[in-house]
Amino acid sequence: MRAVEATELTASEAFQQALGIAAEHAGDVDRQGRFPSEAIEALRVAGALGWGVPVEYGGPAAAIDELADATFELSRRCAATGMIFAMHQIQIASIARHLARSIWFTNYLRRVVREQRLIASATSEVGVGGDMRRSIAAIQPLPDSPGNLVQFEKKASTISYGAYADDLLTTLRCGPTADSSDQALILTHFADMESKPTGEWDTLGMRGTCSPGFVVSATCSADQIIPTPFATIAAETMVPFSHILWAHVWLGIATEAFSRAQNFVRVQARQSPGTTPPSALRLSELSARMAEFRALVKGATQEYISLADGERRPTLSTIGYAVRINNLKIAASEATVEACQSALRICGFAGYGNSGPYSVGRYLRDAHSAALMIANDRLHATNAALLLVYREGK
Amino acid sequence: MLPSTESQATEGQNRDRIRQIVKEHAGLGVDFEKVEFSTDLYRAGMTSYASVVLMIALENEFGVEFPDAMLSRSVFESIDSIAKAIESLQEAQS
C-alpha cells in the first residue's frame with residue numbers, strides 16, 4: 001500500500017537501508033525519547049538531506065511527491081524520523097523556491113548537498129499564541145558594523161531537533177519598527193549562534209523529534225535573510241509543503257497501524273478456516289477509511305504540483321487555496337488518529353501491548369500529535385473567517 | 001487615447017470611498033493619516049482576519065462579489081490595487 005510509486009531515489013539501496021535502520025531503532029527512540037541519530041545518519045549516507053535541492057544548485061531536484069513518498073515510507077517505520085525528514089525538506093523548499101538569485105543562498109544550498117546539513121526551524125514564538133504569521137522578535141541592523149551585520153534574539157516555543165541540527169531558519173519581524181506580520185526568514189548556523197533549551201521534551205508521542213523550547217540569538221550577515229517576504233514564502237511554499245508532507249507522515253503511521261490490524265485478522269482467520277472472524281468486518285470498514293485518507297492526501301499533493309510553478313502559482317496565495325490546504329491538515333490529522341484507534345480495536349490486547357507484531361500503541365501516541373501541530377482549532381477559526389468571503393465551488 | 005475626465009473623477013471617488021472603508025475595517029496599527037493609496041496595507045499591520053472583514057465591507061459598499069481568483073493578498077495589498085479590482089468588476093458588470 002503505497003502513497004505514490006517508488007522513484008529512483010527512494011528505490012536506491014542506500015535509502016532502503018535507511019528504512020531498515022529507522023525501523024530497527026524506532027522502539028528505542030520512542031522509549032528513550034531520543035533523537036533518531038542512526039536513521040538520520042543513514043539518510044545522510046543516502047544523500048537524502050539534499051534531495052529537495054534543485055539541479056542548478058547541485059541537488060537531484062526531487063519533486064514534492066517523491067519527497068512525500070520518502071516521508072511516507074520513513075514514517076511507517078519511525079514517525080519521528082519521517083517528521084524530521086519532512087521538516088528538513090520544508091526548509092529546503094522554502095529557501096530554494098524563494099532565494100531570488102541570492103549568491104549567499106545559492107552557495108548555501110550547494111553546501112547542504114555536499115555536507116548533508118540538517119536544517120531546523122524556529123517559526124514559533126512565546127507570546128504570539130501559536131500564530132506563525134506574527135513575530136515579536138525583530139531583525140536588528142548593526143549600522144556601524146563591517147559587512148552589513150544584523151542580530152536577533154528569539155524565544156521559540158519549540159524547535160524540533162534543535163539540539164541536533166546544523167542550521168536554523170527563523171521567522172523575525174523585518175526590522176525594529178516593522179509590524180508583527182511583516183516578517184522575514186533568516187538562516188543561521190548553530191555553530192555561530194547561542195542556543196539554550198528552555199524546557200524538556202518528554203511527551204506522549206513523537207518523542208524522537210526532541211522539540212523543546214529554545215532561546216536563540218545570533219549576529220550574522222544581512223545576506224542570510226531570504227530576499228522574499230515571509231508572507232509569500234508561507235503562502236506559496238512553507239504552509240502547503242508542511243501540510244502535504246505532514247499528511248504523509250500521518251498516512252504512514254495509519255498505514256502501518258492498518259497493516260498490523262490486517263495481519264492480526266489473517267492470523268485469526270487461519271485459526272478457524274472457513275469462517276470469517278468478526279474483526280474482519282471492522283478491518284473492511286477501516287480499509288474504506290484508508291482509501292478516503294489516501295485519496296485526500298494524494299489529491300492535495302497533485303493539486304499543489306499543478307499550481308506550484310508557472311502561471312498558476314498566484315492561485316497559491318488565494319483564500320480558496322488557503323481554505324483547501326487547511327482542510328487537508330484538519331482532515332488528515334483526524335483520519336490518522338481514527339485509523340490507529342480502529343486498528344487498536346481490531347487487535348485488542350495484542351494491539352494494546354507495547355511490544356509484539358500487533359502493537360499499535362506507539363502509532364496511536366504519535367498520531368495524537370497531528371491535531372496539535374498548528375492546532376486544528378486555530379485552523380478552524382481561520383477557515384471560519386475565510387469562508388465568510390470565499391464561496392466554495394465558485 | 002486619454003481617459004476621459006469623467007472616468008478619472010470616478011476613479012478618484014472610488015479610492016476615497018475605499019480609503020474610508022479601509023480606515024474603518026482594516027485595523028491598521030499605524031497612524032491612518034500616513035496611509036496613502038499605494039501603502040502596503042499588510043505591512044501596515046492588516047491581519048488576514050481584518051482583510052476578510054475588509055473584503056466583506058467592500059462587497060457591501062460597491063455591490064460586487066470578488067471571485068476566488070481575486071481573493072488574494074496581491075489584490076488587497078493597497079487602496080490602489082483594491083480600486084483596480086473593483087473597477088474591473090464594475091466594468092464587467094456594466
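Would you mind telling me which numbered condition in (1) open to solvent by less than 10 Å² (accessible area, probe 1.4 Å); (2) more than 14 Å from chain B (Cβ to nearest Cβ) A:P277 fails?
So A:P277 meets the others, but not (1).
From the list A:L118, A:L99, which one is surrounded by fewer than 24 Cβ atoms within 10 Å (Cβ to Cβ) and in contact with a Ser or Thr (Cβ under 9 Å, 6 or more places away or on another chain)? Can you show your working first?
Numbers: A:L118 fails: in contact with a Ser or Thr (Cβ under 9 Å, 6 or more places away or on another chain).
Unique residue meeting the criteria: A:L99.
Which condition does A:Y352 not pass, out of (1) hydroxyl-bearing (S, T, Y); (2) under 21 Å from the mean Cα position of the chain (by Cα); (3) surrounded by fewer than 17 Cβ atoms within 10 Å (Cβ to Cβ), if it passes all the others?
For A:Y352, the failing item is (2).
For segment A:125-144, give me each residue that is open to solvent by 30 Å² or more (accessible area, probe 1.4 Å) and either assigned to a loop (DSSP other than H, G, I, E, B) or without any contact (Cβ under 8 Å) to a residue 24 or more places away in the chain (or both). Give the steps one after another, and end with the answer.
Let us first name the residues in segment A:125-144 that are open to solvent by 30 Å² or more (accessible area, probe 1.4 Å), namely A:126-127, A:129-134, A:136, A:140-144.
Answer for segment A:125-144, where residues must be open to solvent by 30 Å² or more (accessible area, probe 1.4 Å) and either assigned to a loop (DSSP other than H, G, I, E, B) or without any contact (Cβ under 8 Å) to a residue 24 or more places away in the chain (or both): A:V126, A:G127, A:G129, A:G130, A:D131, A:M132, A:R133, A:R134, A:I136, A:L142, A:P143, A:D144.
Considering segment A:1-25 alone, what residues qualify as being assigned to a helix (DSSP H, G or I) and either of a type outside the set (D, E) or open to solvent by less than 50 Å² (accessible area, probe 1.4 Å) (or both)? Write out each step before concluding.
We begin by selecting, within segment A:1-25, every residue assigned to a helix (DSSP H, G or I); these are A:13-25.
Matches in segment A:1-25: A:A14, A:F15, A:Q16, A:Q17, A:A18, A:L19, A:G20, A:I21, A:A22, A:A23, A:H25.
Can you give me the number of residues within segment A:237-253 that are more than 17 Å from A:G52 (Cβ to Cβ) and open to solvent by 10 Å² or more (accessible area, probe 1.4 Å)?
0
Please identify the pairs in which a residue from segment B:52-73 that is more than 8 Å from every other protein chain (Cβ to nearest Cβ) has its Cβ atom under 7 Å from the Cβ atom of a residue that is polar (S, T, N, Q), counting only partners at least 6 apart or on another chain.
Listed by first residue and then by second, the contacts come to B:V64/B:Q90.
List the helices (runs of 4 or more DSSP H) that sit entirely inside segment A:203-307 and contain at least 2 residues that are free of Cβ contacts under 8 Å to residues at least 40 places away in the same chain. Working first, answer last.
Values: elements: A:230-233, A:239-271, A:279-307.
Output list reads A:239-271, A:279-307.
Restricting attention to segment A:358-366, does a residue exist that is among the polar types (S, T, N, Q), modelled with pLDDT of 95 or more and surrounded by 20 or more Cβ atoms within 10 Å (Cβ to Cβ)? So that I can check it myself, show each step before the final result.
Narrowing segment A:358-366 to residues among the polar types (S, T, N, Q): A:359.
Pick out the ones that are also modelled with pLDDT of 95 or more and you get A:359.
Right, trim to surrounded by 20 or more Cβ atoms within 10 Å (Cβ to Cβ) and you get none.
Scanning segment A:358-366 turns up no residue that is among the polar types (S, T, N, Q), modelled with pLDDT of 95 or more and surrounded by 20 or more Cβ atoms within 10 Å (Cβ to Cβ).
Could you please let me know if B:E77 is farther than 20 Å from A:L386 by Cα and modelled with pLDDT under 95?
No; evaluated as a whole, the condition is false for this residue.
Read through the list (1) of a type in the set (A, V, I, L, M); (2) open to solvent by less than 50 Å² (accessible area, probe 1.4 Å); (3) within 14 Å of chain A (Cβ to nearest Cβ); (4) not in a loop (DSSP other than H, G, I, E, B), then give the number of the only condition that B:A83 fails.
B:A83 satisfies all of (1) of a type in the set (A, V, I, L, M); (2) open to solvent by less than 50 Å² (accessible area, probe 1.4 Å); (3) within 14 Å of chain A (Cβ to nearest Cβ); (4) not in a loop (DSSP other than H, G, I, E, B) except (3).
What is the one condition in (1) in contact (Cβ under 8 Å) with a residue 40 or more places away in the chain; (2) within 20 Å of the chain's Cα centre (by Cα); (3) crowded, with 21+ Cβ neighbours inside 10 Å that A:R44 does not satisfy?
Here A:R44 clears every test but (3).
Please find, within segment A:308-322, the residue that is farthest from the other protein chains (Cβ to nearest Cβ) out of those that are more than 21 Å from the chain's Cα centre (by Cα) and assigned to a helix (DSSP H, G or I).
A:G310
Which one is farthest from the chain's Cα centre (by Cα) among residues in segment A:124-143 that are more than 21 Å from A:S221 (Cβ to Cβ) and away from chain B (no Cβ under 14 Å)? Please lay out each step first, then the result.
First, the residues of segment A:124-143 that are more than 21 Å from A:S221 (Cβ to Cβ): A:124-134, A:136.
Then keep just the ones that are away from chain B (no Cβ under 14 Å); that gives A:124-127, A:130.
On the way: A:S124: 14, A:E125: 18, A:V126: 21, A:G127: 23, A:G130: 17 Å.
For segment A:124-143, the residue satisfying everything is A:G127.
Here are some residues: A:S195, A:S259, A:S221. Which one is more than 24 Å from A:W104 (Cα to Cα), surrounded by fewer than 22 Cβ atoms within 10 Å (Cβ to Cβ), away from chain B (no Cβ under 14 Å) and out of contact with any helix residue (DSSP H, G or I) (no Cβ under 6 Å at 6 or more places or on another chain)? Break it down into steps so the answer makes sense when it comes.
Working: A:S195 fails: more than 24 Å from A:W104 (Cα to Cα); A:S221 fails: more than 24 Å from A:W104 (Cα to Cα).
A:S259 is the lone residue from the list that is more than 24 Å from A:W104 (Cα to Cα), surrounded by fewer than 22 Cβ atoms within 10 Å (Cβ to Cβ), away from chain B (no Cβ under 14 Å) and out of contact with any helix residue (DSSP H, G or I) (no Cβ under 6 Å at 6 or more places or on another chain).
Might you let me know whether segment B:42-49 holds any residue that is under 12 Å from the mean Cα position of the chain (by Cα), within 13 Å of another protein chain (Cβ to nearest Cβ), buried (at least 18 other Cβ atoms within 10 Å of the Cβ) and closer than 24 Å to A:N383 by Cβ? Talk me through it step by step, then tell me what you get.
Applying the first criterion (under 12 Å from the mean Cα position of the chain (by Cα)) to segment B:42-49 yields none.
No, segment B:42-49 contains no residue that is under 12 Å from the mean Cα position of the chain (by Cα), within 13 Å of another protein chain (Cβ to nearest Cβ), buried (at least 18 other Cβ atoms within 10 Å of the Cβ) and closer than 24 Å to A:N383 by Cβ.
Okay, residues lined up against (1) at positive phi; (2) charged (D, E, K, R):
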residue: A:S94; (1), (2): no, no
residue: A:R101; (1), (2): yes, yes
residue: A:F105; (1), (2): no, no
residue: A:R111; (1), (2): no, yes
residue: A:Q116; (1), (2): yes, no
residue: A:S121; (1), (2): no, no
residue: A:G130; (1), (2): yes, no
residue: A:I136; (1), (2): no, no
residue: A:I139; (1), (2): no, no
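Can you find a residue that is open to solvent by 20 Å² or more (accessible area, probe 1.4 Å) and small (G, A, S) anywhere in segment A:226-236?
Filtering segment A:226-236 down to residues open to solvent by 20 Å² or more (accessible area, probe 1.4 Å) leaves A:227-229, A:232, A:235-236.
With the extra rule that they be small (G, A, S), the set shrinks to A:235.
Taking every residue of segment A:226-236 in turn, at least one turns out to be open to solvent by 20 Å² or more (accessible area, probe 1.4 Å) and small (G, A, S).
In this structure, is B:L28 open to solvent by 30 Å² or more (accessible area, probe 1.4 Å), within 12 Å of chain A (Cβ to nearest Cβ) and part of a loop (DSSP other than H, G, I, E, B)?
yes
What number of residues within segment A:26-37 satisfy the criterion of being of a type outside the set (V, I, T) and either crowded, with 17+ Cβ neighbours inside 10 Å or at positive phi (or both)? Let's see the steps before the verdict.
We begin by selecting, within segment A:26-37, every residue of a type outside the set (V, I, T); these are A:26-28, A:30-37.
Cutting the leftovers down to either crowded, with 17+ Cβ neighbours inside 10 Å or at positive phi (or both) gives us A:26, A:30, A:33, A:35-36.
Result for segment A:26-37: 5.
Being surrounded by fewer than 17 Cβ atoms within 10 Å (Cβ to Cβ) and in contact with a Leu (Cβ under 7 Å, 6 or more places away or on another chain) narrows it down to one of A:R270, A:R282, A:R313, so name that one. Step through it out loud before you land on a result.
On the way: A:R270 fails: in contact with a Leu (Cβ under 7 Å, 6 or more places away or on another chain); A:R282 fails: in contact with a Leu (Cβ under 7 Å, 6 or more places away or on another chain).
Only one candidate passes the filter, namely A:R313.
Identify, by number, the condition in (1) touching a residue at least 40 places away in the same chain (Cβ under 8 Å); (2) crowded, with 16+ Cβ neighbours inside 10 Å that A:R173 doesn't meet.
(1) is the only condition that A:R173 fails.
I need the full set of residues from segment A:251-303 which are among the polar types (S, T, N, Q) and at pLDDT 95 or above, in order please. If you could, list the steps in order and put the result at the bottom.
Going through segment A:251-303, the residues among the polar types (S, T, N, Q) turn out to be A:255, A:259, A:262-263, A:268, A:271-272, A:275-276, A:279, A:284, A:287, A:301-302.
Within segment A:251-303, A:T255, A:S259, A:Q262, A:N263, A:S284, A:S287, A:T301, A:Q302 meet the criteria.
The values are calculated or read from the model by the stated rules, or taken from the named source; none is laboratory data. Quick caveat, the model's predicted, so the values are computed rather than measured. FYI the Cβ positions are ideal-geometry reconstructions off the backbone, even for glycines, and counts take in every protein chain you see. All accessible areas refer to the heavy atoms of the entire protein, side chains included, with ligands and DNA or RNA removed. Shrake-Rupley method; radii C 1.70, N 1.55, O 1.52, S 1.80 Å.
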